[in-house]
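Right, one structure below, let's go through it.
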Amino acid sequence: MKRINYIYIGLMLVLIAASFLWINRQKEEAKARVYEVKKMEPIHLTKAEFLSKVDNFQTNPTEWKYLGNKPCIIDFYATWCGPCKMVAPILDDLAKEYDGQIYIYKVDVDAEPELANAFGIQSIPTLFFCPMKGDRQIMQGGMPKESFEKAIAEILLKK
């Protein structure tokens, strides 16, 4: 009888240990998936994030000074805008294709009207192509993927 109790206790300990190992593995895999998804998608910016990652227009309102460590595209968009909806999947694809080379940022003009006003955004989508050095290039309206790729090569990556 004692021997059976030891066997049950041993089995319980093995099951508990296996459960902890399985849970830890699931957590690690979930973290990896979240990192991969975030890494390959456009980044939505708030005003505070824009000021720290892109341009602090409040401290220097007369001069554009890009603060990033990689070139970027900034998409000023609205959720209700038809052309913005057409550009969104193109930007998603470009974020994956140029992962590690450029950032793709998105600014919702309805959620961040102060940003839109600060840069005089009158029509959407308005896209800023921001190289590491020099001034940003501004393009308005929807564009095909080939036009984005050409602008990335010529303006951002200087190929």
GLN137 vs (1) over 18 Å from LYS65 (Cβ atoms); (2) touching a helix residue (DSSP H, G or I) at 6+ places or on another chain (Cβ under 8 Å); (3) not basic (Lys, Arg): all pass except (1)
Note on region 47-69: residues more than 13 Å from TYR105 (Cβ to Cβ) and of a type in the set (Ser, Thr, Tyr) are THR59, THR62
The condition of being at pLDDT below 90, out of contact with any strand residue (DSSP E or B) (no Cβ under 6 Å at 6 or more places or on another chain) and among the aliphatic types (A, V, I, L, M) holds, among MET40, MET86, only for MET40
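Check PRO89, PRO71 and return the single one that is under 30 Å from ALA116 (Cβ atoms) and free of Cβ contacts under 8 Å to residues at least 24 places away in the same chain.
Just a single option satisfies the conditions, and that option is PRO89.
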When region 101-138 is checked residue by residue, the ones that are more than 19 Å from HIS44 (Cα to Cα), free of Cβ contacts under 8 Å to residues at least 24 places away in the same chain and not small (Gly, Ala, Ser) are GLN122, LYS133, GLN137
By residue number, the members of region 51-69 that are under 17 Å from LEU156 (Cα atoms) and surrounded by 12 or more Cβ atoms within 10 Å (Cβ to Cβ) are LYS53, VAL54, ASP55, TRP64, TYR66, LEU67, GLY68
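The values are calculated or read from the model by the stated rules, or taken from the named source; none is laboratory data. Computed from a predicted structure; not experimentally measured. FYI the Cβ positions are ideal-geometry reconstructions off the backbone, even for glycines, and counts take in every protein chain you see.
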